[in-house]
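Okay, structure first, notes after.
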């Protein structure tokens, strides 16, 4: 006479579980995938968009600072280390992923236009 084990196997527990409790980490339906997709988009925006924004900010600050080029570049790079975490915080604090992307794209476009105008117009020697 064999007895049933005190603790059923994982497969037995999953077979007995209802579809809504099968995966506690992933809710039923597409809502869980939509949430994870939004987090993935925000993470990519924070990493790549934050880097781009901080690089453009460093370039504009280096152009605008009235100092020797080397000192301006070093100071602008140090200030860009403040811009990057602020951009990351903005991405995850925004109400939606689209708003987060827009919040990175608009300042990046403005800063990029300033850098491009400086480059093509030759405002500084």
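The values are calculated or read from the model by the stated rules, or taken from the named source; none is laboratory data. This one's a predicted model, so the numbers in the text were calculated from it and none came from an experiment. Glycine also receives a Cβ, built like all others from the backbone with ideal geometry; neighbour counts cover every protein chain displayed.
Computed values, structure above
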item: Single unsatisfied condition, residue 101 versus (1) at pLDDT 85 or above; (2) more than 25 Å from residue 119 (Cβ to Cβ); (3) out of contact with any helix residue (DSSP H, G or I) (no Cβ under 8 Å at 6 or more places or on another chain); result: (3)
item: Some residue of the stretch 43-54 being surrounded by fewer than 12 Cβ atoms within 10 Å (Cβ to Cβ), modelled with pLDDT of 85 or more and either touching a helix residue (DSSP H, G or I) at 6+ places or on another chain (Cβ under 9 Å) or within 12 Å of residue 87 (Cα to Cα) (or both); result: yes
item: Residue satisfying all of: in the stretch 75-97; exposed (fewer than 12 other Cβ atoms within 10 Å of the Cβ) and within 21 Å of residue 40 (Cβ to Cβ); modelled with the highest pLDDT among these; result: 93
item: Tally, over the stretch 105-125, of residues that are over 15 Å from residue 59 (Cβ atoms) and at pLDDT 95 or above; result: 2
item: Matching residues, the stretch 103-125, being surrounded by 12 or more Cβ atoms within 10 Å (Cβ to Cβ) and within 23 Å of residue 38 (Cβ to Cβ); result: 103, 104, 105, 107, 108
